[in-house]
Amino acid sequence: MLARVPFLIISVIATTMAGLASASEPVRLYAAGSLRAALTEVAAAFAQVSGSKIEANYGASGLLRDEIVGGARADVFASANMEHPQALASSGKSGPAVLFARNRLCALVRAGIVAEPDTLLDQMLDPAVKLATSTPKADPSGDYAWEVFRKADAIRSGSFALLSRKALQLVGGPSSPQFGDRSPYGALLADGRADIFLAYCTGARTAVMEHPDQRIVALPDALAVGADYGLTVLLNASPPAHQFAMFILSPAGQRILAKHGFSAPNLPQGDIR
């Protein structure tokens, strides 16, 4: 499993970009919606030290990848999985894909639903409980939820068919509602659209800050699913775009990601704050 950005990649990019002047155009960032708060802060910190501005477009990683493949002008792509940036790299549209953050899936539970890790699967399978996820294929969060369902099937035969059939795909699709800076998970639970939402732990944490009556329930080990986040720089990107990618991978950028609840794999040991 990847634990550090390959030294060769960093060295090559750093050497190539050393001494190049910043361009006047903003860096066009395409990034997973789950990174909005963290990368907004990273972008502000980068702008302060470099003078370069970031123009961000946040959304479901699969949909953003499709936009890039379709010709959208992007400089840096930060995905909630490794597959989408690796696909761009393999097709010759970008440089290598690099692991820059990790996340996990949690269950966000509305008030009135009694669930703990050891009873969570029972609640998810309960026909009376509205279970929500993101949209598979369009959004890696949905793919990770389906991975949870496959793990559930190994515990209780038939769970995958039941859970995948009942899951409400409320976010991450082409026509899903937008919530701006608010947590979509928390808002949808508060509106009664769902009782349990399988969501990124970072997003669930934001939801609880906005809706203190909601709770985060950790997935038991048998259902636990992690998420590796991949970063790539598109071909013909400006020098500041490369510099911004390096800033995300730097200790300064990684500390900000860790502050927002992500696991920051490129921080030196003992440097997470």
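The values are calculated or read from the model by the stated rules, or taken from the named source; none is laboratory data. These numbers come from a predicted model, not from an experiment. Note that each Cβ is placed from the backbone with ideal geometry, even for glycine, and that neighbours are counted across all protein chains shown. All accessible areas refer to the heavy atoms of the entire protein, side chains included, with ligands and DNA or RNA removed. Shrake-Rupley method; radii C 1.70, N 1.55, O 1.52, S 1.80 Å.
Of note:
- For the chain, the per residue solvent-accessible surface stands at 45 Å², with DNA, RNA and ligands left out and a 1.4 Å probe.
- Part-to-part distance (alpha-carbon centres) for segment 217-270 and segment 121-160, which is given in Å: 26
- Rg(Cα)/(2.2 N^0.38 Å) for the chain, N = residue count: 1.02
- Here the peptides 128-136, 69-77 are ranked by packing, the mean other Cβ count within 10 Å, and the order with the highest first is 128-136, 69-77.
- Taking 182, 156 and ordering them by how much accessible surface each has at a 1.4 Å probe, largest first, produces 182, 156.
- Sorting 137-143, 168-174 by average packing, meaning the other beta carbons within 10 Å per residue, from highest down gives 137-143, 168-174.
- Among the protein heavy atoms of the chain, carbon and sulfur supply 56% of the accessible surface, probe 1.4 Å, non-protein parts ignored.
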